[in-house]
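The values are calculated or read from the model by the stated rules, or taken from the named source; none is laboratory data. Worth saying up front: this structure is predicted, and the values here are computed from it rather than measured. Backbone-built Cβ (ideal geometry, glycine too); neighbour counts: all protein chains shown.
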Amino acid sequence: MRNKQNLIQQAMDMAVENKEIAGVNMLVYKDGKEIHYAQSGFSDIKANRPMERDTICHLYSQTKPITAAAAMLLMQDGLIDLNQPVGDFIDSFNKQKCLIDGKVKNIPADKKVRIIDLLNMTSGLVYPGLTTLAETSTAVLFGDAEKRLDSDNPMTTMEFAERIGECPLQFIPGSFFQYGTSADVLGAVIEKVTGMSFGSFLKERLFDPLEMKDTAFFVPEDKLPRMSGIYKKRRGKLSQFEGFHLIIRSDGAPNAFESGGAGLFSTLDDYMHFGQMLLNNGTYKGKEILTPETVKFLTNGSLTPMQQRALDNWQGLEGHTYGNLMRVMTDPSQAVIIGHKGEYGWDGWLGAYFMNDPSTQTTFIMLTQMCDYATGSLTRKLRNIIFS
(Lines give C-alpha, C1' and ligand atoms only; values in the text may rest on other atoms or scores of the structure.)
Protein backbone atom coordinates (compact mmCIF):
# COMPACT_ATOMS: atom_id res chain seq x y z
CA MET A 1 0.00 0.00 0.00
CA ARG A 2 1.26 3.50 -0.84
CA ASN A 3 2.58 5.45 2.13
CA LYS A 4 1.63 9.01 1.23
CA GLN A 5 3.74 10.57 3.98
CA ASN A 6 6.88 8.84 2.68
CA LEU A 7 6.08 9.82 -0.90
CA ILE A 8 5.58 13.45 0.14
CA GLN A 9 8.92 13.49 1.96
CA GLN A 10 10.73 11.86 -0.96
CA ALA A 11 9.32 14.37 -3.44
CA MET A 12 10.35 17.28 -1.21
CA ASP A 13 13.84 15.93 -0.57
CA MET A 14 14.39 15.33 -4.28
CA ALA A 15 13.35 18.90 -5.14
CA VAL A 16 15.81 20.26 -2.57
CA GLU A 17 18.59 17.94 -3.73
CA ASN A 18 18.03 19.01 -7.36
CA LYS A 19 18.09 22.68 -6.29
CA GLU A 20 14.59 23.18 -7.63
CA ILE A 21 13.98 24.96 -4.31
CA ALA A 22 16.01 25.81 -1.20
CA GLY A 23 13.45 24.77 1.38
CA VAL A 24 9.77 23.87 1.63
CA ASN A 25 7.08 22.97 4.13
CA MET A 26 3.56 21.68 3.67
CA LEU A 27 0.44 21.12 5.75
CA VAL A 28 -2.75 19.21 4.91
CA TYR A 29 -6.00 19.15 6.87
CA LYS A 30 -8.94 16.88 6.12
CA ASP A 31 -12.28 16.98 7.90
CA GLY A 32 -10.85 19.56 10.28
CA LYS A 33 -7.88 17.41 11.34
CA GLU A 34 -4.21 17.45 10.39
CA ILE A 35 -3.29 14.47 8.23
CA HIS A 36 0.09 15.49 6.77
CA TYR A 37 2.96 17.77 7.70
CA ALA A 38 6.38 17.68 6.05
CA GLN A 39 9.42 19.91 5.60
CA SER A 40 12.71 19.75 3.73
CA GLY A 41 15.69 21.95 3.03
CA PHE A 42 16.61 25.34 4.41
CA SER A 43 15.09 28.74 5.10
CA ASP A 44 18.68 30.06 5.27
CA ILE A 45 21.30 27.97 3.51
CA LYS A 46 24.30 29.99 4.71
CA ALA A 47 23.21 29.83 8.35
CA ASN A 48 22.29 26.14 7.98
CA ARG A 49 18.81 27.00 9.28
CA PRO A 50 16.20 24.41 8.29
CA MET A 51 12.76 25.20 6.95
CA GLU A 52 10.52 24.74 10.00
CA ARG A 53 6.81 24.66 10.63
CA ASP A 54 6.87 28.19 12.08
CA THR A 55 9.07 29.71 9.35
CA ILE A 56 7.66 33.06 8.23
CA CYS A 57 7.40 33.48 4.45
CA HIS A 58 6.46 36.12 1.92
CA LEU A 59 3.04 35.21 0.57
CA TYR A 60 3.21 37.51 -2.46
CA SER A 61 0.03 36.83 -4.48
CA GLN A 62 -1.27 34.39 -1.91
CA THR A 63 -2.16 37.65 -0.16
CA LYS A 64 -5.01 38.07 -2.67
CA PRO A 65 -7.55 35.59 -1.19
CA ILE A 66 -7.24 37.42 2.16
CA THR A 67 -7.86 40.76 0.43
CA ALA A 68 -10.94 39.25 -1.24
CA ALA A 69 -12.21 38.00 2.13
CA ALA A 70 -11.73 41.52 3.55
CA ALA A 71 -13.89 42.91 0.75
CA MET A 72 -16.53 40.29 1.56
CA LEU A 73 -16.62 41.54 5.16
CA LEU A 74 -17.54 45.00 3.88
CA MET A 75 -20.07 43.58 1.43
CA GLN A 76 -21.92 41.53 4.04
CA ASP A 77 -21.93 44.56 6.38
CA GLY A 78 -23.56 46.68 3.67
CA LEU A 79 -20.62 49.09 3.42
CA ILE A 80 -19.79 48.44 -0.24
CA ASP A 81 -21.72 47.32 -3.30
CA LEU A 82 -19.67 45.35 -5.82
CA ASN A 83 -21.36 47.24 -8.66
CA GLN A 84 -20.06 50.57 -7.31
CA PRO A 85 -17.51 52.46 -9.41
CA VAL A 86 -14.07 52.57 -7.81
CA GLY A 87 -14.23 56.31 -8.50
CA ASP A 88 -16.64 56.61 -5.56
CA PHE A 89 -13.60 56.00 -3.36
CA ILE A 90 -10.53 56.96 -5.42
CA ASP A 91 -10.94 60.16 -7.41
CA SER A 92 -8.45 59.42 -10.19
CA PHE A 93 -10.69 56.53 -11.30
CA ASN A 94 -13.32 59.08 -12.36
CA LYS A 95 -11.06 60.47 -15.09
CA GLN A 96 -9.53 57.29 -16.51
CA LYS A 97 -8.51 56.53 -20.05
CA CYS A 98 -7.85 53.19 -21.69
CA LEU A 99 -6.29 51.68 -24.78
CA ILE A 100 -8.81 51.16 -27.58
CA ASP A 101 -7.41 49.88 -30.87
CA GLY A 102 -3.93 50.88 -29.71
CA LYS A 103 -4.88 54.48 -28.94
CA VAL A 104 -5.51 56.18 -25.60
CA LYS A 105 -9.17 57.17 -25.40
CA ASN A 106 -11.70 58.11 -22.76
CA ILE A 107 -13.48 55.21 -21.07
CA PRO A 108 -17.16 55.03 -22.08
CA ALA A 109 -19.26 56.60 -19.33
CA ASP A 110 -21.04 53.32 -18.56
CA LYS A 111 -17.83 51.24 -18.41
CA LYS A 112 -15.96 52.63 -15.41
CA VAL A 113 -13.98 50.23 -13.22
CA ARG A 114 -16.25 48.67 -10.60
CA ILE A 115 -15.31 46.85 -7.40
CA ILE A 116 -16.31 43.56 -9.02
CA ASP A 117 -13.74 44.26 -11.74
CA LEU A 118 -11.05 44.53 -9.05
CA LEU A 119 -12.13 41.17 -7.62
CA ASN A 120 -12.19 39.46 -11.02
CA MET A 121 -9.09 41.06 -12.60
CA THR A 122 -11.26 42.52 -15.35
CA SER A 123 -10.41 46.14 -14.51
CA GLY A 124 -7.76 46.75 -17.17
CA LEU A 125 -5.16 47.42 -14.47
CA VAL A 126 -1.91 45.60 -15.23
CA TYR A 127 1.45 44.75 -13.72
CA PRO A 128 4.61 46.47 -15.05
CA GLY A 129 5.69 45.46 -18.53
CA LEU A 130 7.19 46.66 -21.80
CA THR A 131 4.50 45.84 -24.35
CA THR A 132 1.84 48.55 -24.06
CA LEU A 133 1.48 52.08 -22.69
CA ALA A 134 -0.57 50.68 -19.82
CA GLU A 135 2.30 48.37 -18.83
CA THR A 136 5.10 50.95 -19.27
CA SER A 137 3.16 53.63 -17.33
CA THR A 138 2.63 51.12 -14.53
CA ALA A 139 6.35 50.25 -14.60
CA VAL A 140 7.25 53.93 -14.09
CA LEU A 141 4.95 54.08 -11.05
CA PHE A 142 6.45 50.91 -9.55
CA GLY A 143 9.95 52.28 -10.13
CA ASP A 144 9.12 55.50 -8.32
CA ALA A 145 7.56 53.62 -5.40
CA GLU A 146 10.59 51.33 -5.06
CA LYS A 147 13.01 54.28 -5.10
CA ARG A 148 11.05 55.85 -2.23
CA LEU A 149 10.88 52.75 -0.03
CA ASP A 150 13.79 53.88 2.17
CA SER A 151 13.04 57.61 1.92
CA ASP A 152 11.28 59.95 4.34
CA ASN A 153 8.32 59.98 1.94
CA PRO A 154 7.47 56.39 1.01
CA MET A 155 4.47 55.73 -1.21
CA THR A 156 1.35 54.74 0.72
CA THR A 157 -1.39 52.32 -0.26
CA MET A 158 -3.72 55.21 -1.09
CA GLU A 159 -1.15 57.22 -3.06
CA PHE A 160 -0.40 54.12 -5.12
CA ALA A 161 -4.09 53.69 -5.94
CA GLU A 162 -4.52 57.37 -6.84
CA ARG A 163 -1.45 57.25 -9.07
CA ILE A 164 -2.33 54.01 -10.83
CA GLY A 165 -5.74 55.46 -11.59
CA GLU A 166 -3.90 58.02 -13.74
CA CYS A 167 -2.30 55.29 -15.87
CA PRO A 168 -4.20 54.23 -19.00
CA LEU A 169 -6.03 50.93 -18.65
CA GLN A 170 -5.15 48.00 -20.91
CA PHE A 171 -8.74 47.62 -22.09
CA ILE A 172 -12.31 48.73 -21.45
CA PRO A 173 -13.20 47.51 -17.93
CA GLY A 174 -15.19 44.29 -17.90
CA SER A 175 -14.29 43.29 -21.44
CA PHE A 176 -11.29 41.10 -20.70
CA PHE A 177 -9.28 39.31 -17.99
CA GLN A 178 -5.70 40.32 -17.22
CA TYR A 179 -3.78 39.67 -14.03
CA GLY A 180 -2.58 42.92 -12.48
CA THR A 181 -2.76 45.45 -9.65
CA SER A 182 -6.50 45.21 -8.98
CA ALA A 183 -6.06 43.76 -5.47
CA ASP A 184 -3.74 46.63 -4.49
CA VAL A 185 -6.44 49.13 -5.43
CA LEU A 186 -9.00 47.06 -3.51
CA GLY A 187 -6.85 47.45 -0.39
CA ALA A 188 -7.04 51.23 -0.82
CA VAL A 189 -10.82 51.08 -1.27
CA ILE A 190 -11.05 49.19 2.02
CA GLU A 191 -8.94 51.91 3.70
CA LYS A 192 -11.26 54.61 2.36
CA VAL A 193 -14.43 52.83 3.48
CA THR A 194 -13.19 51.92 6.97
CA GLY A 195 -10.99 54.93 7.79
CA MET A 196 -8.32 52.44 8.90
CA SER A 197 -5.02 51.36 7.39
CA PHE A 198 -5.48 48.16 5.42
CA GLY A 199 -3.19 46.28 7.80
CA SER A 200 -5.13 47.48 10.86
CA PHE A 201 -8.44 46.41 9.32
CA LEU A 202 -7.09 42.95 8.49
CA LYS A 203 -5.71 42.56 12.01
CA GLU A 204 -8.98 43.58 13.66
CA ARG A 205 -11.41 41.67 11.44
CA LEU A 206 -9.40 38.64 10.29
CA PHE A 207 -6.00 38.05 11.86
CA ASP A 208 -6.92 38.47 15.54
CA PRO A 209 -10.20 36.51 15.35
CA LEU A 210 -8.44 33.76 13.35
CA GLU A 211 -5.43 33.65 15.71
CA MET A 212 -3.09 34.48 12.81
CA LYS A 213 -0.40 35.78 15.14
CA ASP A 214 2.44 35.76 12.59
CA THR A 215 0.58 37.34 9.66
CA ALA A 216 1.17 41.01 8.80
CA PHE A 217 2.61 43.37 6.19
CA PHE A 218 5.99 43.29 7.97
CA VAL A 219 7.97 41.00 10.24
CA PRO A 220 8.68 42.39 13.75
CA GLU A 221 12.33 42.42 14.80
CA ASP A 222 11.88 39.64 17.37
CA LYS A 223 10.49 37.35 14.66
CA LEU A 224 13.13 38.04 12.00
CA PRO A 225 15.17 34.92 12.94
CA ARG A 226 12.16 32.88 11.76
CA MET A 227 11.85 34.62 8.37
CA SER A 228 12.96 32.65 5.33
CA GLY A 229 15.39 34.06 2.85
CA ILE A 230 14.42 34.35 -0.82
CA TYR A 231 16.39 32.27 -3.31
CA LYS A 232 17.04 32.37 -7.04
CA LYS A 233 18.71 29.82 -9.29
CA ARG A 234 21.45 30.71 -11.75
CA ARG A 235 23.74 28.30 -13.61
CA GLY A 236 22.61 25.45 -11.39
CA LYS A 237 23.38 27.25 -8.12
CA LEU A 238 21.14 28.88 -5.54
CA SER A 239 21.85 32.37 -4.24
CA GLN A 240 19.88 34.68 -2.00
CA PHE A 241 17.73 37.39 -3.58
CA GLU A 242 17.80 40.79 -1.90
CA GLY A 243 15.93 43.87 -3.00
CA PHE A 244 12.39 44.64 -4.05
CA HIS A 245 9.82 42.98 -6.27
CA LEU A 246 6.41 44.61 -6.80
CA ILE A 247 7.33 47.20 -4.14
CA ILE A 248 7.68 44.46 -1.50
CA ARG A 249 10.74 44.49 0.74
CA SER A 250 12.77 41.30 1.01
CA ASP A 251 13.98 42.24 4.51
CA GLY A 252 10.55 42.21 6.17
CA ALA A 253 10.79 45.84 7.32
CA PRO A 254 7.60 47.95 7.62
CA ASN A 255 6.23 49.25 4.34
CA ALA A 256 3.87 52.21 3.92
CA PHE A 257 2.51 50.45 0.83
CA GLU A 258 0.37 47.66 2.28
CA SER A 259 -0.11 45.67 -0.90
CA GLY A 260 -3.42 43.81 -1.12
CA GLY A 261 -1.95 41.89 -4.02
CA ALA A 262 1.41 40.81 -2.66
CA GLY A 263 2.42 42.26 0.71
CA LEU A 264 1.64 39.80 3.49
CA PHE A 265 4.00 37.55 5.45
CA SER A 266 2.60 34.42 7.12
CA THR A 267 3.17 30.84 8.28
CA LEU A 268 1.65 27.46 7.44
CA ASP A 269 -0.51 27.30 10.55
CA ASP A 270 -1.71 30.91 10.29
CA TYR A 271 -2.85 30.43 6.71
CA MET A 272 -4.41 27.10 7.63
CA HIS A 273 -6.65 28.96 10.12
CA PHE A 274 -7.83 31.17 7.24
CA GLY A 275 -8.36 28.22 4.91
CA GLN A 276 -10.23 26.20 7.52
CA MET A 277 -12.49 29.16 8.29
CA LEU A 278 -13.54 29.29 4.64
CA LEU A 279 -13.99 25.51 4.46
CA ASN A 280 -16.13 25.70 7.60
CA ASN A 281 -18.52 28.15 5.92
CA GLY A 282 -17.04 31.22 7.57
CA THR A 283 -16.76 30.00 11.15
CA TYR A 284 -13.57 29.56 13.21
CA LYS A 285 -13.72 27.93 16.66
CA GLY A 286 -17.41 28.78 16.96
CA LYS A 287 -16.96 32.42 15.89
CA GLU A 288 -18.63 33.57 12.68
CA ILE A 289 -16.20 35.62 10.60
CA LEU A 290 -18.07 35.46 7.28
CA THR A 291 -21.62 34.20 6.80
CA PRO A 292 -22.15 30.92 4.91
CA GLU A 293 -23.79 32.76 2.00
CA THR A 294 -20.87 35.20 1.79
CA VAL A 295 -18.38 32.30 1.68
CA LYS A 296 -20.46 30.65 -1.04
CA PHE A 297 -20.31 33.85 -3.08
CA LEU A 298 -16.58 34.32 -2.44
CA THR A 299 -15.57 30.81 -3.46
CA ASN A 300 -17.80 30.34 -6.52
CA GLY A 301 -16.66 33.21 -8.69
CA SER A 302 -16.29 32.85 -12.44
CA LEU A 303 -15.47 34.79 -15.57
CA THR A 304 -17.87 35.36 -18.45
CA PRO A 305 -17.18 33.33 -21.62
CA MET A 306 -15.67 36.43 -23.25
CA GLN A 307 -13.37 37.10 -20.27
CA GLN A 308 -12.51 33.40 -19.92
CA ARG A 309 -10.78 33.34 -23.31
CA ALA A 310 -7.85 35.28 -21.83
CA LEU A 311 -7.48 32.90 -18.88
CA ASP A 312 -7.55 29.93 -21.26
CA ASN A 313 -4.08 30.99 -22.45
CA TRP A 314 -2.64 30.60 -18.92
CA GLN A 315 -0.66 27.36 -19.04
CA GLY A 316 -1.25 25.33 -15.89
CA LEU A 317 -4.72 26.74 -15.25
CA GLU A 318 -6.48 24.54 -17.77
CA GLY A 319 -9.86 23.47 -16.41
CA HIS A 320 -10.17 26.56 -14.19
CA THR A 321 -12.00 29.84 -14.12
CA TYR A 322 -11.22 32.87 -11.93
CA GLY A 323 -13.22 35.06 -9.57
CA ASN A 324 -12.83 36.96 -6.31
CA LEU A 325 -9.02 36.88 -6.63
CA MET A 326 -8.90 33.07 -6.76
CA ARG A 327 -8.79 30.20 -9.26
CA VAL A 328 -11.80 27.86 -9.23
CA MET A 329 -11.66 24.40 -10.83
CA THR A 330 -14.57 23.92 -13.22
CA ASP A 331 -13.50 20.96 -15.36
CA PRO A 332 -11.12 18.44 -13.74
CA SER A 333 -10.86 16.55 -17.03
CA GLN A 334 -8.99 19.51 -18.56
CA ALA A 335 -6.69 20.20 -15.57
CA VAL A 336 -3.02 19.19 -15.37
CA ILE A 337 -3.45 18.07 -11.75
CA ILE A 338 -5.74 15.64 -9.94
CA GLY A 339 -8.51 17.71 -8.43
CA HIS A 340 -12.23 18.23 -8.02
CA LYS A 341 -14.83 20.60 -9.36
CA GLY A 342 -15.32 23.54 -7.02
CA GLU A 343 -11.88 23.57 -5.40
CA TYR A 344 -10.39 27.06 -5.11
CA GLY A 345 -7.30 28.96 -3.98
CA TRP A 346 -4.25 30.81 -5.29
CA ASP A 347 -0.44 30.91 -5.19
CA GLY A 348 2.40 33.43 -5.02
CA TRP A 349 5.51 34.51 -6.92
CA LEU A 350 7.85 32.67 -4.53
CA GLY A 351 5.85 29.44 -4.47
CA ALA A 352 3.37 29.90 -1.62
CA TYR A 353 0.32 27.80 -2.52
CA PHE A 354 -3.19 27.46 -1.05
CA MET A 355 -6.20 25.39 -2.02
CA ASN A 356 -9.46 24.32 -0.44
CA ASP A 357 -11.45 21.37 -1.76
CA PRO A 358 -15.00 21.43 -0.35
CA SER A 359 -15.85 18.06 -1.91
CA THR A 360 -13.27 16.24 0.23
CA GLN A 361 -13.10 18.83 3.04
CA THR A 362 -9.35 19.24 2.42
CA THR A 363 -7.06 22.25 2.81
CA PHE A 364 -3.53 22.13 1.37
CA ILE A 365 -0.92 24.81 2.14
CA MET A 366 2.66 24.79 0.84
CA LEU A 367 5.34 27.44 1.41
CA THR A 368 8.64 27.88 -0.39
CA GLN A 369 10.65 31.02 -1.22
CA MET A 370 12.00 30.64 -4.74
CA CYS A 371 11.96 33.43 -7.33
CA ASP A 372 9.41 32.89 -10.11
CA TYR A 373 8.30 29.54 -8.67
CA ALA A 374 4.56 30.25 -8.41
CA THR A 375 2.85 26.85 -8.92
CA GLY A 376 5.91 24.72 -9.58
CA SER A 377 6.51 21.09 -10.42
CA LEU A 378 6.85 20.09 -6.75
CA THR A 379 3.52 21.74 -5.95
CA ARG A 380 1.75 19.62 -8.56
CA LYS A 381 3.58 16.46 -7.47
CA LEU A 382 2.52 16.94 -3.84
CA ARG A 383 -1.07 17.64 -4.83
CA ASN A 384 -1.18 14.52 -6.97
CA ILE A 385 0.20 12.37 -4.12
CA ILE A 386 -2.44 13.76 -1.76
CA PHE A 387 -5.45 13.55 -4.07
CA SER A 388 -4.63 10.39 -6.00
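Summary of values
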item	result
Which listed residue is among the polar types (S, T, N, Q) and either in contact with a helix residue (DSSP H, G or I) (Cβ under 9 Å, 6 or more places away or on another chain) or at positive phi (or both), from Asn18, Asn25	Asn25
Residue check for Met212: farther than 24 Å from Met326 by Cβ and not β-branched (Val, Ile, Thr)	no
Conditions (1) of a type in the set (A, V, I, L, M); (2) free of Cβ contacts under 8 Å to residues at least 60 places away in the same chain; (3) farther than 20 Å from Glu52 by Cβ; number of the one not met by Leu224	(3)
Qualifying positions in region 212-258 - in a loop (DSSP other than H, G, I, E, B) and either touching a strand residue (DSSP E or B) at 6+ places or on another chain (Cβ under 6 Å) or modelled with pLDDT under 95 (or both)	Asp214, Thr215, Val219, Ser228, Gly229, Arg235, Gly236, Glu242, Gly243, Ser250, Gly252, Asn255
Single residue of Glu191, Glu204, Glu159 found to be outside the structural domain of Lys111 (by TED's automatic domain parsing), acidic (Asp, Glu) and either part of a helix (DSSP H, G or I) or in contact with a strand residue (DSSP E or B) (Cβ under 6 Å, 6 or more places away or on another chain) (or both)	Glu204
Filtered residues of region 96-141 (kept if at positive phi and aliphatic (A, V, I, L, M))	Met121
Positions within region 136-156 being in contact with a Gly (Cβ under 9 Å, 6 or more places away or on another chain) and either surrounded by fewer than 13 Cβ atoms within 10 Å (Cβ to Cβ) or in contact (Cβ under 8 Å) with a residue 12 or more places away in the chain (or both), in sequence order	Thr138, Glu146
Verdict on Met326 being in contact with a helix residue (DSSP H, G or I) (Cβ under 6 Å, 6 or more places away or on another chain) and either without any contact (Cβ under 8 Å) to a residue 12 or more places away in the chain or assigned by TED's automatic domain parsing to the domain that holds Arg383 (or both)	yes
Pair list, Cβ < 7 Å and 6+ apart or interchain, from region 329-358 residues that are assigned by TED's automatic domain parsing to the domain that holds Tyr231 to residues that are aromatic (Phe, Trp, Tyr) and in a loop (DSSP other than H, G, I, E, B)	Leu350/Tyr373; Gly351/Tyr373
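Condition check ((1) in the same structural domain as Pro358 (by TED's automatic domain parsing); (2) in contact (Cβ under 8 Å) with a residue 60 or more places away in the chain; (3) in contact with a Leu (Cβ under 9 Å, 6 or more places away or on another chain); (4) under 28 Å from Ile35 (Cα atoms)) across all residues:
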| position | (1), (2), (3), (4) |
| --- | --- |
| Gly263 | yes, yes, yes, no |
| Leu268 | yes, yes, yes, yes |
| Tyr271 | yes, yes, yes, yes |
| Thr291 | yes, yes, no, yes |
